[in-house]
């Protein structure tokens, strides 16, 4: 017998849970079908939320000849066969894992996508704005398939009860347990329900104890290519930046459970310089030492080292002055005319006229009134120290001393 999740796969939009913004009466995909205006689009969202199901139902309703292409495993020859076979009529192509589509396949597909011979439905679990080539993305509409809420998962479970081989009831705690261990994926929830039912007979009650016995460890999203993983890293950074030590420890615990130490330490090193920066410049050294220790020790003991350094980072003074300074300088240089290198900063010009350059060490406190900025932006100020921390306050005092001698005003 086929698995419960397969048997329950919807064949019409009305049976799909939780995506009314796309397939409800006023949903954009429903309107496309009603108006017979089939446009290329990409569905993106977490696993188990119905992307493939929605694509298949849409394809059936469209009445177009439909072909399936997996960008991860299929090659250009297969795509060419499809296009050649359907040379005299338009087709719908469902592309799974579209973010993995190779460049040569994209190049071949683009003219047919452009002239309307091929309409595509792309499927991906990744953020298409980051993972899909602009040439493809700009020719498609992007629609998010949202993570399912508790009510949607619960509705699917209740419906699944009637499709089981045994007539059982489910206690509320068991329902909550399935929702938790399934990570809000309908497919996973139905798999847990079906496997739990194997331990029961007619008229039995499914309890949370049975669910956890069958499911084992909670089904966490372990694929670091999924948006959820980067959401966790971002949540950790936002919590540390926001001085919320308890939230920082909570998200650290989630990340430790995923056991990807390299990603954790990379993010902590970024936070040390992006968010703490000059407010506590020794934090970068402390984080680097902690991260080195984490890799030497490994899990489970590494969790203690990570906890110590994350607490320290969360409670540390914060400054983004260096981060803002370099980003503004990059923005100016890349998007505006900042002029040529100042003659007194250029080795070539100094070689022609050595008197252009005033050697700072020949002057009191190693300061003179010479500026090294390009003339076009000579009054530009990038570094604006924050004086909340003692170290950056000292930098600000030093900067004022330098500016006074250079006759500049900040």
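No lab work stands behind these numbers, since they all come straight from the coordinates. What you see is a predicted model; the values in this text were computed from it and never measured. Neighbour counts are summed over all protein chains in view; Cβ atoms, including those assigned to glycine, are modelled from backbone coordinates with ideal geometry.
Reducing the stretch 119-160 and the stretch 55-98 to their Cα centroids gives an inter-centroid distance of 18 Å. Relative to the current alpha-carbon distance between residue 388 and residue 353, full extension at 0.36 nm per residue lengthens the span by 8.2 nm.
Once the Cβ-Cβ distance of residue 26 and residue 327 is raised to the sixth power relative to R0 = 56 Å, the FRET efficiency obtained is 0.85.
Expressed in units of 2.2 N^0.38 Å, where N is the residue count, the Cα radius of gyration of the stretch 227-315 is 0.96. For the stretch 92-117, the residues whose backbone nitrogen is under 16 Å from a point 7 Å from the Cα of residue 80, taken along Cα to Cβ, are 102-112. If one takes the longest principal axis of the Cα atoms in the chain, at what angle in degrees, from 0 to 90 and to the nearest 10, does the Cα axis of helix 172-181 lie? The angle comes out at about 50 degrees.
Note the full-extension length gain between residue 151 and residue 403 as 0.36 nm times their separation in residues minus their Cα-Cα distance, in nm to one decimal. Could the numbers behind the result be given before it?
Working: separation 252, 0.36 × 252 = 90.72 nm, distance 6.24 nm.
This chain segment gains 84.5 nm when fully extended.
Counting only alpha carbon atoms, the long axis of helix 245-258 and the longest principal axis of the chain meet at about 60°.
Mean separation of Cα pairs under 8 Å and 6+ residues apart, divided by the residue count of the stretch 150-215: what relative contact order is that in percent?
Working: 85 pairs, mean separation 27.8, N = 66.
That works out to 42 percent.
When only C-alpha pairs under 8 Å and at least 6 residues apart count, what is the relative contact order of the chain, in percent? Once divided by the residue count of the chain, the mean separation gives 11 percent. Rounded to the nearest 0.05, the FRET efficiency derived from the C-beta distance between residue 7 and residue 266 at R0 = 56 Å is 0.85. The slack between residue 297 and residue 110, meaning 0.36 nm per residue of separation minus the straight C-alpha distance, is 62.3 nm. Of all the options 230, 143, 359, the one that moves most in a Gaussian network model of the chain with Cα springs shorter than 10 angstrom is 359.
Below 8 Å between Cα atoms, with a sequence gap of 6+, how large is the relative contact order for the stretch 227-315 in percent? Walk me through the numbers on the way to the answer.
Working: 82 pairs, mean separation 32.9, N = 89.
For the stretch 227-315, the relative contact order is 37 percent.
I'd like the orientation of helix 390-406 relative to the chain: the angle between its Cα long axis and the longest Cα principal axis, in ° from 0 to 90, rounded to 10. Tilt of helix 390-406: around 50 degrees. For the chain, the mean residue ellipticity at 222 nm estimated from helices alone is -15000 deg cm²/dmol, where every DSSP H run of n ≥ 4 contributes -39500 (n - 2.57) and the total is divided by all residues, rounded to the nearest 500.
What number results when the radius of gyration of the chain, computed over Cα atoms, is divided by 2.2 N^0.38 Å?
Working: Rg = 29.5 Å, N = 410, 2.2 N^0.38 = 21.6 Å.
Taking the Cα Rg and dividing by 2.2 N^0.38 Å, one obtains 1.36.
Here the spin labels are modelled as points 7 Å beyond Cα on the Cα-Cβ line, and at residue 259 and residue 176 they lie 2.9 nm apart.
With a Förster radius of 30 Å, plug the Cβ-Cβ distance of residue 87 and residue 139 into 1/(1 + (r/R0)^6) and report the FRET value to the nearest 0.05.
Numbers: r = 20 Å, r/R0 = 0.68.
For residue 87 and residue 139, the calculated efficiency is 0.90.
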